[in-house]
Amino acid sequence: MTLAAADFARERPRRALPIASETWVLVALGLFVMGLSFAPLLRLAYTAIAPDGWPDASRLAEILGTRQVFTATVNTLRVALFSTLLSLVVGTLAATLVALTDMRGKALWVFAFILPLMIPPQVSALAWVQAFSPSSPILGLLGLSLPAGGRHPLYSEAGIVLLLGIYNSPLVFLSVRAALRRLPAELVEAGQAAGASQTRLLFTIILPLARAGIFAGAALAFVSSIGNFGIQAMLGIPARFPTLITLIYQKLNSFGPSALSDMAILAMLLAVLTIVGITLAGWLGSRKDVRVDGSARPLALRLGLARLPIEIVAWATLVATLVLPLSALVTTSLVKGFGQKLTLATLTIDNYASALFRQAAIREGFFTSLWLTITTALVLTGLSIFLAYFLTWHRSRFIRVLHLASELAYAIPGIVIGVAMILFFLKPLPLLDFSIYGTVWIILAAYLANFLALSLRSTLGGFAQIDRSLEEAAQVAGAGFLRRMRDIIAPLVAPAAAAGAIIVFMSALNEIQVSILLVSSKAKTLGPMIVFLEEGGSSTLAAAVGCLMVAIVLVLMLTASAFSRFLPRGVLPWQN
Amino acid sequence: MADIAISGLGKAFGANRVLTDVSMHIRSGEFIAVLGPSGCGKTTLLRLIAGFERPDTGHVAFAGQTVSSTAHHTPPEKRDLGIVFQNYALWPHMTVAENVGYSLKVVGLSTDERKRRVSEALKTVALTDFADRRPSDLSGGQRQRVALSRCLAARNAIVLLDEPLANLDVHLRAAMEDEFTRFHQASGSTMVYITHDQSEAMTLADRVAVMDAGRLVQFAAPATLYREPATEMVAAFIGEGIVVPAEDIVANGDGSARAAVLGVPVSLRCASGEGARKRARIGLHPQDIRIAGAGETGMPARIKRLSYRGGGFRAEAVCEAAPQTILAFDLPEQAPIAPGALVSLAIGDGWVIPAAA
Ligand SMILES: Nc1ncnc2c1ncn2[C@@H]1O[C@H](COP(=O)(O)OP(=O)(O)O)[C@@H](O)[C@H]1O
Ligand SMILES: [Mg+2]
């Protein structure tokens, strides 16, 4: 058989672009990330430091020196620190149980343990408030009741710490579990061979080795607490317990001549606290970082006789922290007036009908949020595939700066992004000559900036699983950059990118802290709706909206789980 | 068809100089092997030829057209070459037929023509029945053949192979070596085959380029490498080579020379330019060493080890005069020699390694 050497390949017509498509894509990525994630933050810093165009330290000192700001800062740090301690204990215990022991029913338990992290914090707060209100339907069922007329027990610093601690425990859990899974089994087996008891092993070998993961988890919990608007606002405002984040929110409502620059200074302070927290934890975690080789085989320490009691405690904890508040929420959503007992006579679906059909504002909120989150997820997924491509295979200083900018915009509290966006987009856009402030577009811009890192992380996980030679093989097959992206790379990272899209979708749908400052009469999103309804006294309606949001979250989580076998491990946090 | 001209190629990653001044000319349709120990820069050379890396110095030309130089770089997708990757790099989301036909699709060939070429290529590697399978359903050897037929269908003028047998079981290798030879005959491509296994290189290639620490040390036919190694490294690397010191070398002018090896006069081969030298190194193979016959002067050596090699023994002996040099040679099965015995060894042939330039 002879194969004549057809030289078609060299004669094939090619449009010779003066600049390669890679370059265009890089320029577009740079403009996007720098323009949306970085420039607004720069604008924020500028306004905070130089409100009138030149550095003004006296103004900075004046604002930061007020008693109000001092109290709010101390309060913020207190709730963040105490709730982090709580998260640390709960999260580490949970991770130890799941990663190291022979506890049964782990998959379901993990799903339920992570669930609170996926529920909007303001919905959780609402559920807890209703569960512990004097007229609580649930406590009533249990035969307990709180004295009527007294202050609500959760409207207090302890209440905020408790809820933040529970909300952030899954963050510590995920980080510690990942660290424990990387732990080489040989080290533990060597300890066992040396005769150490299981408890001793845990405290002298396993947990010290997982230290980096524990510190990283603590940092995440700390940062997340500082920036958690939903819980701090729902409990802190009625409790008259000011924190930085609620102070910023209240400043916006008191729109005065200097309100914007005051907000900028407070937002900067919040951002600085966050960055200090991350840096400190990063430093603590990396100190004496032990890198050991070995196979990361799953460990299964035997719980023995203690297994059943431990399992009972583990499940009881979930009932108390998840089932109890959520059932209060469901109950409230099914009665006509807040505080009514749920009986056949009081049962109604009126609240749901109102939320979905009658109240135009809520319906609009649903639709605005839906298209905003879908658009955000789609745009960011496309962007992440390209960004992750360059980050994985063509690292340059430029692309690393983009990565850093996206991580920064994710790490600092959403409300800071909100302030930055207001400052950046208040003036009319050049050329277009109109301001997007007060429209949905500014919310979209904030979402795109804030959630890029989430989508990017998941997609990077997908790239880590692809061998570079798959792309190179397509390259020698003659496929140009965009063609390879379409035919080879996109299909291969699709599962991870889709998981990222779902996580972005859920985060954006749940968020409140980014859009709370950006919503207007023309642009309402779902997240802040609950706060407004509850503030307006429509608790049952708020509960119905909250239940609908939890339902959406559950459906999304289960949908994503159904495709989990196509995904790299760890992309879906709620999977064991 | 395309020849490959490489000249003065150099590449460093940071402070790590990986390739230094590599020049070679690969003729159109030739099958060459690049041979060298792991880490000597073979893969880097292949990636430079393919265009995945850019050279620091020198240039590469295909069929007279410069594709890589410090000033010009043709991207890999425009070089019209095929690569068989060590891990085969088959796209898992495509069927075997789609894998094989992808480059044709990229070029925009009509569906009919594409189908014809794909089935032709699959027939050549005997995988017609597997056209609709996914790569994950194939064995290692079958994946290898898909990777080959991908180059076959594309009719690449140049095919680069990077240690294609490294991931296969030993018993599959011989069969795959035949596959490469058939592929070469069928395609007529210029082939560059990278390996660290000298027997693979010697079996397959028309010529072998031996590399050491980023430099090309010898580029010649297998028999030449075996009989006339250019350096000590080549002499030791090829065919279980042994390098021994020699003294008082006198060339006869006809390609033969006389010298004293470990005190015993022997007759050797040498390069035509060779004159008289006080000291030199000699390249030998086990086949050149035997027990000295009666009346023959041999060098006294002690047997250190005997290992059975099916049909005979491989003996390792050491001369008192040069205790570091292990002289390996073959003994028939009936040989009544035990380890520790003193023997007298004769050297039948050897090559005077040219003085380093
Ligand atoms: N992309 C790279 N960056 C840095 N160093 C590299 C890179 N590729 C190869 N090297 C180094 O170049 C040397 C030669 O590598 P390689 O060409 O892969 O050798 P071989 O294929 O002969 O085993 C090695 O020391 C390797 O670490
Ligand atoms: Mg290599």
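Please treat every number below as a calculation from the coordinates, not as lab data. Every value quoted in this text rests on a predicted model; they were computed, and no experiment measured them. We place every Cβ from the backbone using ideal geometry, glycine too, and count neighbours over all the protein chains shown.
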#### Entry: For region B:8-80: rounded, prolate or oblate by the Cα gyration tensor [a/c cutoff 1.5]
oblate
### Query
Considering only the other residues whose Cβ falls under 14 Å of the Cβ of B:VAL18, what net charge follows from Lys and Arg at +1 and Asp and Glu at -1?
+2
## Note on the structure
In this structure, the FRET efficiency calculated for A:PHE532 and A:SER58 from their beta-carbon separation, with R0 = 41 Å, to the nearest 0.05, is 0.65
#### Entry: Local electrostatic count, B:ALA235, Cβ distance below 11 Å [Lys/Arg +1, Asp/Glu -1]
-1
### Query
Using the Karplus equation 6.51 cos²θ - 1.76 cosθ + 1.60 (θ = phi - 60°), what ³J(HN,Hα) coupling, rounded to whole Hz, does each residue of region A:404-411 give in order, writing x for Gly and Pro?
4, 4, 5, 5, 4, 5, 8, 6
### Message
I'd like the FRET efficiency for A:TYR46 and A:VAL74, computed as 1/(1 + (r/R0)^6) with the beta carbon distance as r and R0 of 30 Å, rounded to 0.05.
### Response
0.65
### Query
Which residue fluctuates the most in chain B, going by a Gaussian network model with Cα springs under 10 Å, if the choices are B:GLN218, B:GLN144, B:GLN86?
B:GLN86
### Message
Quick check: pseudo-label points 7 Å beyond the Cα along Cα→Cβ at B:ASN87 and B:ASP349, how many nm apart are they?
### Response
4.4
### Query
Ratio of region A:404-449's C-alpha Rg to 2.2 N^0.38 Å, to two decimals?
1.18
## Note on the structure
Of B:THR190, B:THR297, B:THR44, the most mobile residue in a GNM of chain B (C-alpha springs, cutoff 10 Å) is B:THR297
#### Entry: Rel. contact order, % - alpha carbon contacts under 8 angstrom, at least six apart, chain B
15
### Task
Could you calculate the FRET efficiency of A:LYS522 with B:ALA71 from 1/(1 + (r/R0)^6), where r is the beta carbon distance between them and R0 is 51 Å, rounded to 0.05?
0.35
### Task
Using the Cα centre as the reference, give the magnitude of the dipole from point charges on the C-beta atoms of the protein assembly as shown (Lys, Arg: +1; Asp, Glu: -1; all else neutral), rounded to the nearest 20 debye.
1880
### Dipole in debye (nearest 20) - region B:232-352, about Cα centre, beta carbon charges: Lys, Arg +1; Asp, Glu -1
220
### Message
Taking θ = phi - 60°, what integer Hz values does the Karplus form 6.51 cos²θ - 1.76 cosθ + 1.60 yield along region B:213-218, in sequence order, with x for Gly and Pro?
### Response
6, x, 10, 8, 9, 7
### Message
Between A:VAL323 and A:ARG486, what is the label-point separation in nm under the 7 Å Cα-to-beta-carbon projection?
### Response
5.3
### Message
What is the sum of charges, Lys and Arg at +1 and Asp and Glu at -1, for the other residues whose Cβ falls under 10 Å from the Cβ of B:ILE4?
### Response
-1
### Query
Under a GNM of chain B (C-alpha, springs under 10 Å), which listed residue has the highest mean-square fluctuation: B:ARG143, B:ARG314, B:ARG269?
B:ARG314
### Message
Let's see if you can work this out: charge +1 on each Lys and Arg Cβ, -1 on each Asp and Glu Cβ, no other charges. What is the dipole magnitude of region B:4-227 about its Cα centre, in debye to the nearest 20?
### Response
380
### Message
If I model a spin label as a point 7 Å beyond the Cα along the Cα-Cβ vector, how far apart are those points for B:ALA223 and B:ALA322 in nm?
### Response
2.7
### Message
Please compute the average number of Cβ atoms from other chains found within 10 Å of each residue's Cβ in peptide B:49-57.
### Response
1
### Query
Cross-link partners among lysines for A:LYS524, C-alpha distance below 27 Å, same-chain residues fewer than 8 apart left out?
A:LYS251, A:LYS336, A:LYS427
### Cα gyration tensor shape of region B:196-333, rounded if a/c is under 1.5, else prolate or oblate by comparing a/b with b/c
oblate
### Query
Gain in length, A:ALA259 to A:GLN192, computed as 0.36 nm per residue apart minus the alpha-carbon separation, to one decimal in nm?
17.9 nm
### Task
Please give the direction-averaged projected area of the C-alpha convex hull for chain B, in square nanometres with one decimal.
21.9
## Note on the structure
Least to most buried among A:VAL272, A:VAL129, B:VAL243, by other C-beta atoms within 10 Å and fewest first, runs A:VAL272, B:VAL243, A:VAL129
### Task
Would you mind classifying region A:414-548 by shape? Square roots of the alpha carbon gyration tensor eigenvalues, ordered a ≥ b ≥ c; an a/c under 1.5 is rounded, otherwise it is prolate if a/b is larger than b/c and oblate if not.
oblate
### Summary
In order over region A:314-321: 3J(HN,Hα) from phi, Karplus 6.51/-1.76/1.60, θ = phi - 60°, whole Hz, x for each Gly or Pro, gives 4, 6, 4, 4, 5, 4, 5, 8
### Query
Do you know the relative contact order of chain A, to the nearest whole percent, from alpha carbon pairs under 8 angstrom that are 6+ apart?
21
